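The values are calculated or read from the model by the stated rules, or taken from the named source; none is laboratory data. Quick caveat, the model's predicted, so the values are computed rather than measured. As a convention, Cβ positions derive from the backbone with ideal geometry for all residues, glycine included, and neighbour counts pool all protein chains shown. We work out accessible area using only protein heavy atoms, side chains counted, and drop any ligands, DNA or RNA first. Shrake-Rupley method; radii C 1.70, N 1.55, O 1.52, S 1.80 Å.
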Amino acid sequence: MPHRTGRALAFGLALFALPAQAGDVSHFDLPNGLEVVVVEDHRAPVVTQMVWYRIGSADEAAGHSGIAHFLEHLMFKGTEKLAPGEFSATVEAQGGTDNAFTSWDYTAYFQRVAADRLPLMMEMEADRMRNLRLPEADVLTERDVILEERAQRTDSSPDALLGEQMRAAQFKNSRYGIPIIGWRHEMEQLSRQDALDFYGAYYAPNNAILVVAGDVTPDRVKELAGEYYGPLAPSDKIAPRRRPQEPPQLAERRLSLTDERVSEPYVYRSYLAPGRRPGDQKDAASLAVLAELLGGSGTTSVLARALQFGDNPKAVYASASYDGDTVDSGQFGVYVMPTPGVSLTEAEAAMDAAIAQFLADGVNPDDLARIKAQIRASDIYSRDDSGDLARRYGEGLAIGLTLEDIDAWPQVLQSVTAGDVVAAAQSVLDRRNAVTGWLQAPEGAPVAPVGAPILPPAVQGATE
């Protein structure tokens with residue numbers, strides 16, 4: 001199956017692809033601990049099944065980086081019932097699509113098919129939850145695949161390398177500083193037994209969330225889930241997540257990556273930031289709105305107006321981003337790609353001046369009203385995709401939120417005031433709490449024409 005780097009940290013208006021209810025949302029648990037959510041949407045005879053495991057790369061044991069993503073690949077290698085590759089081939093034969101992705105906090109698998117094919121999807125997904133078979137030859141072959149994936153998507157990309165180094169500098173104690181795909185020297189040592197141990201411990205109904213969205217009823221899902229997932233044995237190795245946390249950061253951390261492959265230099269700064277918390281999402285909502293105000297639009301945002309326009313523009317592109325969909329610390333980022341002839345020193349100074357001016361001036365009421373209108377519109381649009389609904393509920397529950405938190409998120413965003421935004425900015429945008437990275441070509445290297453903006457490292461947050 002295809003494996004693509006994607007998501008991740010929500011960027012621009014994607015922050016507001018909010019969980020909205022196309023219909024009723026039901027929730028129940030099976031006796032073996034499987035949590036089940038049903039989102040009804042009867043407008044089309046289509047259904048999305050997603051299984052989310054509360055295990056990601058930040059839960060890996062030291063020295064085994066990349067095992068969560070490696071196992072995601074191996075999950076398509078077959079069971080006693082299905083040959084390697086047969087899972088995805090079967091989905092395709094039914095006219096559906098499937099894929100999977102790994103993040104620091106979870107691993108998820110999904111299929112989108114005609115509603116009458118749901119029993120078959122449940123049968124196959126339940127089968128590989130506890131009955132995976134891993135011949136040594138398949139493991140070694142797939143290890144080569146993930147090593148090549150790292151070579152193509154990380155080692156060959158200055159942007160990805162900068163992002164990897166910045167996270168390692170930002171998170172000194174947390175496992176969030178370890179790349180999802182893993183460090184190459186550790187990936188090379190991953191074994192069949194490592195994969196089996198990880199799988200046996202964490203791939204179990206009492207560590208999973210089943211989300212079914214689309215043309216279904218709760219009673220039908222309960223019947224099918226009980227039939228296919230109900231007999232699966234829980235794991236006795238599931239424990240509360242107690243991860244190492246970051247100590248207070250007392251000084252800015254800086255790094256510069258010089259690479260002859262760089263055609264568009266830029267400066268990117270990432271701040272530690274609070275994430276969404278069960279029952280208390282106000283800080284996260286304020287930061288989400290702040291990111292939109294600072295850099296969500298290429299024409300109307302604070303950074304765009306200050307740096308991209310006027311008689312002496314400093315940047316061809318400027319943006320801001322926030323990722324608070326995390327179990328532990330989140331991140332807030334600002335990014336500037338300077339115009340030709342403007343140094344990174346000048347670009348960074350202009351970025352800092354624009355942020356300082358924003359803090360001094362406060363929030364423009366018209367801008368805040370515009371952002372909230374966009375939030376309301378995105379809330380409506382997000383009801384059109386059962387897959388998006390499944391993802392929003394699954395991700396929220398996987399990072400520890402409740403259904404009430406997920407449903408309340410649009411209203412929490414609407415309740416954000418100008419004062420909340422300024423307070424969040426003053427709390428988070430402190431350079432003593434940040435990592436600043438420069439990406440540039442060697443001095444004297446030929447300057448390539450400016451092309452499409454390169455998204456900053458923060459958007460590279462999940463590996464499929």
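Tabulated results
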read-out: From the coordinates shown, mean projected area of the Cα convex hull in nm² corresponds to which of [x] 21.8; [y] 24.5; [z] 19.6; value: [x]
read-out: Nearest-ten-degree value, helix 418-428 long axis tilted from longest Cα axis of the chain; value: 90 degrees
read-out: Rounded accessible area of Asp24 (nearest 10 Å², 1.4 Å probe); value: 100 Å²
read-out: Residue order for Leu161, Leu287 - accessible surface, 1.4 angstrom probe, largest first; value: Leu161, Leu287
read-out: Solvent-accessible surface ranking, highest first, for Val221, Val145, Val363 at 1.4 angstrom; value: Val145, Val363, Val221
read-out: Approximate spin-label separation Asp155-Ala89, in nm, with each point projected 7 Å along Cα-to-Cβ; value: 3.1 nm
read-out: Helix-only mean residue ellipticity at 222 nm for the chain, each DSSP H run of n ≥ 4 adding -39500 (n - 2.57), per residue, nearest 500; value: -11500 deg cm²/dmol
read-out: Relative contact order of the range 142-266, defined on C-alpha pairs under 8 angstrom at six or more residues apart (%); value: 33 percent
read-out: Rounded to 10°, Cα long-axis angle of helix 365-381 versus longest principal axis of the chain; value: 20 degrees
read-out: Selection from Gln111, Ala373, Gly95, by position along the positive dipole direction of the chain (Cβ); value: Ala373
read-out: Sulfur and carbon atoms: percent of accessible area, the range 125-219 [1.4 Å]; value: 47 percent
read-out: Within the range 278-403: Cβ-based charge dipole about Cα centre, in debye rounded to nearest 20 (Lys, Arg +1; Asp, Glu -1); value: 260 debye
read-out: Over 31 Å between alpha carbons, listed pairs Lys172/Lys372; Lys237/Lys282; Lys81/Lys237; value: Lys172/Lys372; Lys237/Lys282
read-out: Heavy-atom accessible area ranking, 1.4 Å probe, most first, across Thr141, Thr90; value: Thr141, Thr90
read-out: Whole-number accessible area per residue in Å² for the range 102-204, which is evaluated in the context of all protein chains at 1.4 Å; value: 36 Å²
read-out: Using alpha-carbon coordinates, inclination of helix 282-295 to the longest axis of the chain, degrees; value: 50 degrees
read-out: Residue (of Gly296, Ala408, Leu307) at the positive-pole extreme of the range 280-436, dipole from beta-carbon charges; value: Leu307
read-out: In sequence order, calculated HN-Hα J values of the range 131-138 (Karplus, 6.51, -1.76, 1.60; Hz; x Gly/Pro); value: 10, 5, 10, 10, x, 4, 4, 5
read-out: Dipole magnitude of the range 314-362 about its Cα centre (Cβ charges: Lys, Arg +1; Asp, Glu -1), debye to nearest 20; value: 220 debye
